[in-house]
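To keep things clear, I will list the structure first and then write my remarks on it.
The values are calculated or read from the model by the stated rules, or taken from the named source; none is laboratory data. This is a predicted model, so every value here is computed, not measured. Note: ideal-geometry Cβ built from the backbone for every residue, glycine included; neighbour counts use all protein chains shown.
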Amino acid sequence: MHPSGTRRTALPAIGFNGIPVALLALSNPIGVIFAALFVAHISVGGAYLPTKYYQPEIADLIVAVIIYLCAFVTLFKGIVANLFKSKKEQKANANADNGKEEKK
């Protein structure tokens, strides 16, 4: 129960918008500025959508999709980097083995 006597059921999204901003900017200080402007534009613009055709929560859905896509990009970058690293190590090991065989 809020001190004013009203009951609040939803958390404000202001703090939660920092998560997609940081993910979208990849924690780059300059990128955070532009990502924050982008997410703010989506959030404020979603409030002005005509409620007859769209629900105002569509802006939250768009931000959620951004979070998932940023997380998937980071995940795929790690997977691809590990694949290339392991292939490079295998190639280096194969070259080292070939060099040992030629010296014998």
Reported set for region 1-41 where residues are modelled with pLDDT under 75 and of a type in the set (Ser, Thr, Tyr) is SER4, THR6, THR9
What helices (runs of 4 or more DSSP H), lying completely within region 14-104, carry at least 2 residues that are more than 12 Å from the chain's Cα centre (by Cα) and free of Cβ contacts under 8 Å to residues at least 12 places away in the same chain? 29-47, 58-103
Among the residues of region 43-98, the number that are of a type in the set (Phe, Trp, Tyr) and surrounded by 11 or more Cβ atoms within 10 Å (Cβ to Cβ) is 2
